[in-house]
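Remarks on the structure that follows.
The values are calculated or read from the model by the stated rules, or taken from the named source; none is laboratory data. Here the structure is a predicted model, which is why all the values come from computation and not from measurement. Cβ coordinates were reconstructed from backbone atoms using ideal geometry, including for glycine residues, and neighbour counts include every protein chain displayed. Each accessible area value is taken on the protein alone, full model and side chains, heavy atoms only, with ligands, DNA and RNA left out. Shrake-Rupley method; radii C 1.70, N 1.55, O 1.52, S 1.80 Å.
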Amino acid sequence: MADLTSVTTLALLWVPVHLYLTQMDLIELKRWAGAILQPPARDVLKEQRVEEEMAKLRQWNYKLFSRFFSHLSFFSMYGFSYDAFALRELDSIFWAGGCIASYVQHLLIGQELLSMTPQRLKLFSGYHHLVTLLLSTITGMSASPLKFAVMYGLNTSIRFLLVLTFLDPWVSIPFQFLYTAVDLFVYVFVLEGTSAGMQVGPLCFGPFFICLLSIAASILIDSVLRARIYALLDTADAESLVSSFRRVLRGVCDGEVLLDSHMNVAKESECLKHLILTNVSLTGSSFLDLLADGEQHRFKAFIDSSTAAFGAQSQSTDATRWTHTAAPPLCLRVSLRGSEGVRVAADLYHVPVPGQADSEPSHLIAFKEDPELRARVPEAAEGAVPAALTEYRSSDGQNLRKSTSPMAQGDATSVRSGSTSRSSSAQAFLDLQEMFLLVDVDTELQDVQQVELNFKRQEEPLDVPSGLHSGMPSLRKLVKPTDWEKVRSKVSKFAEKVAREVEVQGKSMNPMTVQLPGHSGWLVVEEATLHPSQDTKIWLHLQVAPNWVSSGQRGAAR
């Protein structure tokens, strides 16, 4: 009695210390109890999605266990069948029949010979629990105390195994109470009148403990799985939202690219590759290396200020949360490094993307190219003007030196002083072979109503950048770099169709923006149509909008 008093006194003295150390657990328990008594309002659609995913997970889990137990049941079936034929006893035949039924069932489900549905899964769950309950009752009432102790441990293991197999607390918990009631009944029935009868009372504590442990495990596993599914659905929704937003950006801007927290390209961006005229994969490369010299510091400052304007980062005990504001995305004009040293001017728009794998946010960059500010050929030095600009060409193909008259010298000076603005135009017509003009002689200025130009490439380019800088016009140089992939794909598919079929009708294309060779202005094409021609060639008919935007108008519009 003194020992009991001492232990009780020490326990009571330690209670305040225990409550102080575990006060957070008590708060969490109170919150959890309140959530059970008054469940918070949840999204019905999301709850349905979670239930569907839980059903799929339970079916997949049961199929996995069935594949394993089909092999285990095969050997069990062999052993019990041998006992049934050898002993010819009722219990041996019963066990052999149960093993055969178990083997057939697990084989059909594990090898997907029998389709599994949520209703069938609940049916099989109840069936397994009933069989386990029946075996516990029969073995407990008909076995000796020693055999009962062995079978009791096996039945307890099966109870936990069923919890892990079906992952359904609504089916498992009621059967746990039935298991406990049967165990208590068998305890009293088996141990009554034996020398161990005095120990029945303390032994009854075991079934209650196992019951509570099984129920807690069933609820805990279900809660963890549901929380995991909630997190996966939220992640999938966030990724879908970002993906949809990126598709929208491709429509309103020239392209977009997703950067991680270290300013590396997280996902491949075909639009960015077309903008800087490269075919090399950019995934994992630093976006700062794509900026022109001197732009890195401006870009970093822009990202920091845009991130601060978009949301304030707040630390909490469990996670890093972002509080979004209504600040619009900021804009920065930068120069990107293109192939062969070409600098591409573009407007960058930035939005931080929280909730990624890193603690720091990722960055979604939308860009809009300004073709008028592409770096052009540098100012030509004295005497560096190409011969094509300083010599005339006669009709028979012979070169004629320009006159040395003052007027001619003035023209030469004019050519040299305007070499920067005219060099691209002159280069664009180096491969020009013929020109046909349809002239209206009834007009005062004899207007040219139709022009046909014939080009022939003088030499094949070594690579794509050199081909883009050559004088031969090409469809890639006509369209915007970010539209090139779409136009190329449609033109190639139409050419393949022309090669396969005899009669092909013209195919309309989406409106586009094109740039004439040697001009900085852009033409807005409201209708583009593909027509078949000969061999691998096709006709592309472009109908320009009445109010197309020129370079001067574009600058004024901005």
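Please work out if residue 87 is over 30 Å from residue 109 (Cβ atoms), open to solvent by 90 Å² or more (accessible area, probe 1.4 Å) and among the hydrophobic types (A, V, I, L, M, F, W, C). It is true that residue 87 is over 30 Å from residue 109 (Cβ atoms), open to solvent by 90 Å² or more (accessible area, probe 1.4 Å) and among the hydrophobic types (A, V, I, L, M, F, W, C).
When segment 249-285 is filtered for residues that are over 29 Å from residue 511 (Cα atoms), outside any loop (DSSP other than H, G, I, E, B) and open to solvent by 20 Å² or more (accessible area, probe 1.4 Å), only 264 remains. Scanning segment 242-269 for residues that are among the acidic types (Asp, Glu) and touching an Asp or Glu at 6+ places or on another chain (Cβ under 6 Å) yields a total of 1. When 31, 58, 67 are checked against the criterion of being outside any loop (DSSP other than H, G, I, E, B), open to solvent by 60 Å² or more (accessible area, probe 1.4 Å) and in contact with a helix residue (DSSP H, G or I) (Cβ under 8 Å, 6 or more places away or on another chain), a single residue qualifies: 67. Among the residues of segment 462-502, those that are assigned to a loop (DSSP other than H, G, I, E, B), open to solvent by 50 Å² or more (accessible area, probe 1.4 Å) and modelled with pLDDT under 80 comprise 462, 463, 469, 502. Taken over segment 503-519, the criterion of being over 38 Å from the mean Cα position of the chain (by Cα) and either of a type outside the set (A, V, I, L, M, F, W, C) or surrounded by fewer than 14 Cβ atoms within 10 Å (Cβ to Cβ) (or both) is satisfied by 503, 505, 517, 518, 519.
Out of curiosity, is residue 25 among the acidic types (Asp, Glu), out of contact with any helix residue (DSSP H, G or I) (no Cβ under 7 Å at 6 or more places or on another chain) and either within 25 Å of residue 225 (Cβ to Cβ) or in a helix (DSSP H, G or I) (or both)? Here the answer is yes, as residue 25 does meet what is asked.
Look at (1) modelled with pLDDT under 85; (2) open to solvent by less than 60 Å² (accessible area, probe 1.4 Å); (3) of a type in the set (Ser, Thr, Tyr) and you find that residue 172 fails only one, number (1). For segment 105-125, which positions are assigned to a helix (DSSP H, G or I) and surrounded by 14 or more Cβ atoms within 10 Å (Cβ to Cβ)? 105, 106, 107, 108, 109, 110, 118, 120, 121, 122, 124, 125, listed by residue number. For segment 204-235, give me the residue count where each residue is in a helix (DSSP H, G or I), at pLDDT below 85 and either under 16 Å from residue 165 (Cα atoms) or open to solvent by less than 60 Å² (accessible area, probe 1.4 Å) (or both). Qualifying residue count, segment 204-235: 2.
Okay, residues lined up against (1) over 22 Å from the mean Cα position of the chain (by Cα); (2) closer than 27 Å to residue 32 by Cα:
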site: 221; (1), (2): yes, yes
site: 225; (1), (2): yes, yes
site: 272; (1), (2): no, no
site: 283; (1), (2): no, no
site: 293; (1), (2): yes, no
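Just to verify a result, which residue in segment 442-457, among those that are assigned to a loop (DSSP other than H, G, I, E, B) and open to solvent by less than 100 Å² (accessible area, probe 1.4 Å), is nearest to residue 473 (Cα to Cα)? By that ranking, first place goes to 457.
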